[in-house]
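*Asks:* Just passing along the structure, written as structure tokens.
None of the figures in this text is laboratory data; all of them are computed from the coordinates on show. All values reported here derive from a predicted model rather than from experimental measurement. Cβ coordinates were reconstructed from backbone atoms using ideal geometry, including for glycine residues, and neighbour counts include every protein chain displayed.
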Ligand SMILES: Cc1ncc(COP(=O)(O)O)c(C=O)c1O
């Protein structure tokens, strides 16, 4: 059993994927070109946003957004304490200071009520609060109506880190369209993944979109050899775009539906166990980047992981360490979190189970039975 089964996906889609790769090889154009342009248009249409700019990975996507906003030394950006390192790393890498705020246990996403205290803490330390990074962790969109309200009230820009969220929605509005700027990652194991690295940035704001296109191509001005600002080299390559176009069709046609059915299946099988299961509110759709359960304590979580491994079931701990405890942030961060925070508790108790649109029902049933046996004898 695989934690995320990319082999079966390739078995199902290989004819179209091979054909798409062959077309790029025959065209001789490996950077930019039609596949990239068409994919950007397809993504923008799907999300209902005006601009989509693809780039080399989800980390660059976040960094490019901060660069477009001119965020740098003297600025502070609020980041959830429970997320992948990138969400905070990009803040430090543009020279600003991350302020780590706690998350809610029932959504794993940032607690909108903590935004104001984050702003106060930044001001107290002499930094200018500029933005909030909201993460759609494990595929579930964050609570954007409350987060947006706080951002508006406190004069903050909203950056949606949708690296895990692509495909989710709240009502009619899709994840990766909630931020002033939103981003995603096409890392292979993501809800929509390529066969290497890839990322994208989404916004309705034309000025920011232009700046991002410039920053992503060495700060280009009127053309590639006219460089008017210091940028970076961050592009989605043509082969990856052509693969993603095939995978995106499958994602829309059946994969998103399939992961939701698998999540439901898990929840039916595990509802009588002592585990806390992920719950998605009515009207919200998750893209189920992960199906993550919460054990009663650290000992139980570690035992489950160990015993499941012994019977051939791979699991992962996302994430074992709060952001505020990462050594990299030791000298340059502000935190509202400590060992008693929800984040710290989650780091000790979460366990992500195998998930993905090609996960077999038999495997879900086996995992359910093993967990029943391990928890309740
Ligand atoms: C929440 C989150 N943000 C950002 C990233 C960065 O994406 P990438 O690996 O494409 O740079 C990831 C990837 O794991 C992620 O999970």
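*Asks:* I need the peptides 363-372, 128-137 ranked by packing, meaning the mean over residues of other C-beta atoms within 10 angstrom, with the highest value on top.
*Replies:* Working: 363-372: 17.3, 128-137: 25.5.
The packing order, highest mean first, is 128-137, 363-372.
*Asks:* Please pull out the direction-averaged projected area of region 76-152, using the convex hull of its alpha-carbon atoms, in nm² to one decimal place.
*Replies:* Spelled out: convex hull of the Cα atoms, projected over all directions, averaged, 4.7 nm².
*Asks:* I would also like to ask the following. Rank-order 102-109, 323-330 by packing density, defined as the average count of other C-beta atoms within 10 Å over each peptide's residues, highest first.
*Replies:* In descending order of packing, they fall as 102-109, 323-330.
*Asks:* Under Stokes-Einstein, with the Kirkwood radius over Cα pairs standing in for Rh, what whole-number D in µm²/s applies to the chain at 25 °C and 0.890 mPa s? Don't skip to the answer; put the middle values down first.
*Replies:* Numbers: Rh = 21.3 Å.
Answer from the Stokes-Einstein relation: 115 µm²/s.
*Asks:* Right, here's the next one. Relative contact order of region 121-263, please, whole-number percent, based on alpha carbon pairs below 8 angstrom and at least 6 residues apart.
*Replies:* That works out to 15 percent.
*Asks:* Report the gain in length on full extension from residue 282 to residue 328: 0.36 nm times residue separation, minus Cα-Cα distance, nm rounded to one decimal.
*Replies:* Here the segment from residue 282 to residue 328 would lengthen by 12.7 nm.
*Asks:* Quick check of the Kirkwood formula: for region 7-150, what is the inverse mean of 1/r over all pairs of different Cα atoms, in Å?
*Replies:* Kirkwood hydrodynamic radius for region 7-150: 17.7 Å.
*Asks:* Mean separation of Cα pairs under 8 Å and 6+ residues apart, divided by the residue count of region 255-376: what relative contact order is that in percent?
*Replies:* About 39 percent, as a whole number.
*Asks:* Shifting gears a bit: Under 8 Å for C-alpha pairs, at least 6 residues apart: give me the relative contact order for the chain, rounded to a whole percent.
*Replies:* With pairs under 8 Å counted, the relative contact order is 23 percent.
*Asks:* Would you mind estimating how fast region 255-376 diffuses translationally, via Stokes-Einstein at 10 °C and 1.306 mPa s with the Kirkwood radius over Cα pairs, in µm²/s?
*Replies:* Translational diffusion coefficient: 101 µm²/s.
*Asks:* Here is a follow-up. Working out 0.36 nm times the residue gap between residue 204 and residue 93, then minus their Cα-Cα distance, what length gain in nm do you get to one decimal?
*Replies:* Working: separation 111, 0.36 × 111 = 39.96 nm, distance 2.51 nm.
Gain in length upon complete extension: 37.5 nm.
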